[in-house]
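Data first, discussion second: the structure below is written as structure tokens.
The values are calculated or read from the model by the stated rules, or taken from the named source; none is laboratory data. These numbers were taken from a predicted model, which means no experiment stands behind them. Quick reminder, even Gly has a Cβ in these numbers, built from the backbone with ideal geometry, and neighbours come from all protein chains shown.
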Amino acid sequence: MTAARPYPTQSALAPNDLEAWWMPFTANRAFKKSPRMVAGAKDMYYTTSDGRQILDGTAGLWCCNAGHGRDEIVSAIQKQAAELDFSPAFQFGHAKGFQLASRIADLAPGDLDHVFFCNSGSESIDTALKIALAYWNIQGQGQKTRLIGRERGYHGVGFGGISVGGIVANRKFFGTLLAGVDHLPHTYNRAEQAFTKGEPEWGAHLADDLERIVALHDASTIAAVVVEPMAGSTGVLPPPKGYLKRLREICTKYGILLIFDEVITGFGRLGTPFAAERYGVIPDMITFAKGVNSGTVPMGGVIARKGIYDAFMKGPEHVIELFHGYTYSAHPLACAAALATLDVYRDEKLFERTKEIEPRWMDAVMTLKDLPNVLDIRTIGLVAAIDLASIPDAFGKRAFNAMDKAFQEHGMMIRSTGDTLAVTPPLIISDAQIDELVDKLRKTILSVA
Ligand SMILES: Cc1ncc(COP(=O)(O)O)c(C=O)c1O
């Protein structure tokens, strides 16, 4: 206990002590010296606690795809809280859980038609990995336990996710992680791919490394391969043309489940409900979170192919088929928010619109190409990443400064990861707001030159 801490007041806008909140994935000391505080949000803009308007260049954290404070979603949550605040999902159900599962299954490709709910992207990955292991186990192939991820992959922060993930800082502090995990090589090569719009031509052959991993471990020991169709958190790496199809072919050839982590690509980010559709590749499971209810209430989930679900539906009917679930799986507030969000996506054709404005978005962002310190720009869907040259001996500082200045001086929220800036606005962004965003990016990059 700190003795001198002032008694907290009820003001939402002005906290009187920043010390107690140990903030996630945040440089806590720098933040607490110079806080970036938001107090409200509507459509494309945040409002700071001192009343400034901040253009949302990140859709929150890749999640507020419908924009902020949407009346339809707000009132659905309010109504649901009054009608049914909570109901257990273990052995009991409620209508909106079933309605939402059906709506999501309708959006998913192929025969991915069963939905398991959880509360975050990290949980969705752990859930998918556990389903994969259990799937082989119940079919008498319990030796198929190996999991294959990819270098630079991000699958959240649970032990499953960081084990199959490939971002070094997210792994190296946390011990030995899950045993029996291997990694494909990442797909980025600046010399071959710099300033590509969309999927790079170079790199499909990197999927063939799965053949090497299979030769090393034997397919009889491998349960699943998990990749983000477009790697996001590592700094946006669109898949090379043909890469995902190749992965699918190899997985099918050897009887290995293919999981797409669509926590950020799901719900329209690349102009289709799921990236699987954009790339014409049907995985065995898709994980989702974030955009499912536009970030309003925590929710995630896994969509599984019919054959996977059916494999579990055996044995005495009173026995639980999968020993897995969360207290807040299919929370009524999250379901109500998601149903209202899916209506907004459908009624405003936001996925189709994303596809339509993609070329304009790409052209606009590529105008930043010749600014000082810009080493590469990658764009796809409504996503862009800008690699900046590192300040000598201070990796990550230039992009951190850019993120800070963007907020404090230029009225825009962007993300920095290493020395890459990531920009992923809500799908409701207008043409004028694309221009505003690119103009602010230009000023920001110049201000850290
Ligand atoms: C691809 C991917 N998977 C999983 C996650 C983890 O999601 P959460 O932070 O909701 O646990 C993220 C978060 O950004 C993500 O981008």
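Of the residues making up the range 195-214, those that are within 21 Å of Tyr254 (Cβ to Cβ) and hydrophobic (A, V, I, L, M, F, W, C) are Ala204, Leu206, Ala207, Leu210, Ile213, Val214. Looking only at the range 246-276, count how many residues are assigned to a helix (DSSP H, G or I) and more than 22 Å from Gly235 (Cα to Cα). Matching residues across the range 246-276 total 8. Of all residues in the range 258-287, those that are at negative phi have Cβ atoms under 7 Å from Cβ atoms of residues that are polar (S, T, N, Q) and more than 15 Å from the ligand (Cβ to nearest atom), 6 or more apart or on another chain, in Arg278/Thr272. Of the helices (runs of 4 or more DSSP H) lying entirely inside the range 83-170, those carrying at least 1 residues that are within 16 Å of the ligand (Cβ to nearest atom) and within 23 Å of the chain's Cα centre (by Cα) are 121-138, 159-164. Here Leu61 clears all of (1) touching a helix residue (DSSP H, G or I) at 6+ places or on another chain (Cβ under 6 Å); (2) within 16 Å of the ligand (Cβ to nearest atom); (3) outside any loop (DSSP other than H, G, I, E, B) except the condition numbered (1). Cβ separations smaller than 8 Å between residues 6+ apart or across chains give the following pairs from the range 50-63 residues that are in contact (Cβ under 8 Å) with a residue 12 or more places away in the chain and closer than 23 Å to Gly268 by Cβ to residues that are of a type in the set (S, T, N, Q) and more than 11 Å from the ligand (Cβ to nearest atom): Ile54/Thr47; Ile54/Thr48; Leu55/Gln433; Ala59/Asn65; Cys63/Ser294.
Entry remark, the range 226-242: residues being more than 16 Å from the ligand (Cβ to nearest atom) and either closer than 18 Å to Ala385 by Cβ or surrounded by 24 or more Cβ atoms within 10 Å (Cβ to Cβ) (or both) number 1 in total. Restricting attention to the range 223-245, the residues being in a helix (DSSP H, G or I) and not hydrophobic (A, V, I, L, M, F, W, C) number 2.
Annotation note: of Ala66, Ala76, Ala41, the sole residue that is surrounded by 14 or more Cβ atoms within 10 Å (Cβ to Cβ), at pLDDT 95 or above and assigned to a loop (DSSP other than H, G, I, E, B) is Ala66.
When the criteria are applied in full, Asp85 fails the requirement of being in contact (Cβ under 8 Å) with a residue 40 or more places away in the chain and under 25 Å from Gly232 (Cα atoms).
Taking the range 257-272 as the range and being surrounded by 24 or more Cβ atoms within 10 Å (Cβ to Cβ) and more than 16 Å from the ligand (Cβ to nearest atom) as the test, only Leu257 passes.
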